[in-house]
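Here is the structure we will look at, set down as structure tokens.
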Amino acid sequence: MLEEIKDGKLYYNGVCLEDLAIKYKTPLKITFLDVIKNRVTSLKKVFDKAILDNNYQGKFIYLNANKANYAKEEILTAFAASDGLETSSYYDLLLTMRFFKYMKERNKLIVCNGFKLHDYLDSIIEINDNGYDITDIIDSYNEYEYLKSKNIKLKVGLRIHLEALYSENENEPKNDRFGLTNDDIEKILSDIKNTNLILTTIHFHQRGFDYEKEKFDTNFEKAFKYYVKAKQLYPSVTNFDIGGGTPLPITDDFDYEAWSDQVVKTLIDLSKKYKVSQPNLISENGKYSQKDSTVNIYSVVGRKDTDKIPWLFLDGSPLIAMPEMYALGEPIVVKPINGLDKNKIKVRLGGMTCDCDDIYFEKDLGYFLAPDISNLMIGCIGTGSYQNSMNGKGGVHHCLLPEETDVIVYTLNNKLVSEVRKPLQTIKDICKIIHF
């Protein structure tokens, strides 16, 4: 459990958030690197246990998906505990190679996803020629033809184009733009024996913020049938990659041990049903490992009584801090971090920008319950994945609001360390960005 209340104050990963806010002042962003490390190691632990308990013949491979958070410390922390890194673009791959060289690492895996132009593919080929363990997940037939024309020995996988079962809106497409059609796969499977490409992996991705077992199981078996078809033709196929399908710890009571056991047993049952050997299971995790590592903290700096429910103004912006929540409905927890043992009143929260949407309250209630204290602080919990790239970290923000003081917290030699990674953004920083 990451959250705990002591003496009316919210503790996160064992640290008092109010103490950090007083020490570093608000607006403040805090990233707990230990949370990232624990997410990686705990998932590997439960899958390794499930594999051992069920005498499963394959292994579990954990890849960190860089795109969730491109900050150096966050990727290095996940990379150290992971089996490799997953990339989604040409520049993402270039960044990945910097991490590999920085860590003096050559044995961990690199798996490349996304729609690829020639610069991306040429870099994959070059990295492969330099002796790194890299696999290209083919996403289009043109990509396959380009690789085939290069006459190279390269590990590849096939991304399966599946119905996007997450969509309930009839006006939204039921299929996403990624992956190969059944016809594409049939053509590749019949032709790849005439190339030097080595087919090793069948890949699918289960999109969504919340884990829904029925949808996950449906896509799981659909994709596994392609693994069966590929395995029967090519013994080199040994990996089944479920992409970012790991459930998010939205609630503290999700049983990862039971889930991993169920996934492994499903693989055993499907392998037996279709009479194929049990594959290695690859999981590409970004949101799972990064999301809950970061908390944004703001102080209430003003009040307006323009409505029946008073507005409390923060020294920051919920809209800038949580763009994925506003754009896509990403669940991010907003709650007071102090005065939790005091009487509460109904309020609504407003950010410092001029935007009418820069507000926060519980939509189903029409208000936000906050302690009736003068030094109130509010935490946005779970902003560690995608918020930085979506809100343009390091750039210029709405109404020129400065970026928060950026603090990292981690354990070193059994002692808790906190340090400023980047101070509060200044007008000089902003003018430099706009070349003024």
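Annotation for the stretch 190-279: trypsin sites (Lys or Arg not before Pro) lying in DSSP loop with at most 10 further Cβ atoms inside 10 Å of their Cβ are 275.
Annotation: lysines with alpha-carbon distance below 17 angstrom to residue 155 (same-chain offsets under eight excluded): 108, 116, 193, 231.
For the residues 195, 201, a 1.4 Å probe over the protein chains yields an accessible-area ranking, largest first, of 195, 201. Taking amide H positions as modeled 1.01 Å from N, with prolines and chain starts lacking one, the residues under 5 Å from residue 211 and 5 or more places away or on another chain are 248.
The structure shown yields percent of Cα pairs over 41 Å apart, and of the options [x] 23; [y] 17; [z] 37 that calculated value carries the label [x].
Each residue of the stretch 285-299 was assigned a 3J(HN,Hα) from its phi angle through the Karplus expression (A = 6.51, B = -1.76, C = 1.60, θ = phi - 60°), giving 10, x, 4, 4, 8, 9, 3, 7, 7, 10, 10, 9, 10, 10, 9 Hz with x at Gly and Pro. By the helix-only formula, in which each DSSP H run with n ≥ 4 contributes -39500 (n - 2.57) and the sum is divided by residues, the chain has a 222 nm mean residue ellipticity of -10000 deg cm²/dmol. For the stretch 328-400, applying the loop criterion from DSSP together with a ceiling of 13 other beta carbons within 10 Å to the trypsin sites (Lys or Arg not before Pro) yields 363.
Put simply, the C-alpha atoms of the stretch 182-290 give a gyration tensor, and the ellipsoid matching it has half-axes of 28, 15, 12 Å, longest first. Two numbers describe the Cα atoms of the stretch 392-436: Rg and Dmax, which are 14.1, 46 Å. Straight-line cross-link partners of residue 45 among the aspartates and glutamates, defined as a Cα under 14 Å from its Cα and at least 8 positions apart when in the same chain: 53, 83, 255, 257, 261. Helices assigned as whole DSSP H runs in the chain whose Cα atoms extend at least 20 Å along their own long axis and whose mean Kyte-Doolittle hydropathy is -1.0 or higher are found at 33-53, 256-274.
Here the chain exposes an accessible surface that is 51 percent carbon and sulfur, computed with a 1.4 Å probe and the other protein chains kept in place. If exposed means no more than 12 neighbouring beta carbons inside 10 Å and the site is in a DSSP loop, what's the longest run of the chain without any exposed GluC sites (Glu not before Pro)? Longest stretch, sites excluded: 171-436.
Pairs exceeding a 25 Å alpha-carbon distance, out of 291/344; 215/363; 229/265; 148/229: 291/344; 215/363.
The values are calculated or read from the model by the stated rules, or taken from the named source; none is laboratory data. Source: prediction; values computed, not measured. Glycine also receives a Cβ, built like all others from the backbone with ideal geometry; neighbour counts cover every protein chain displayed. Please note that ligands, DNA and RNA were not included when accessible areas were found on the heavy atoms of the full protein model with its side chains. Shrake-Rupley method; radii C 1.70, N 1.55, O 1.52, S 1.80 Å.
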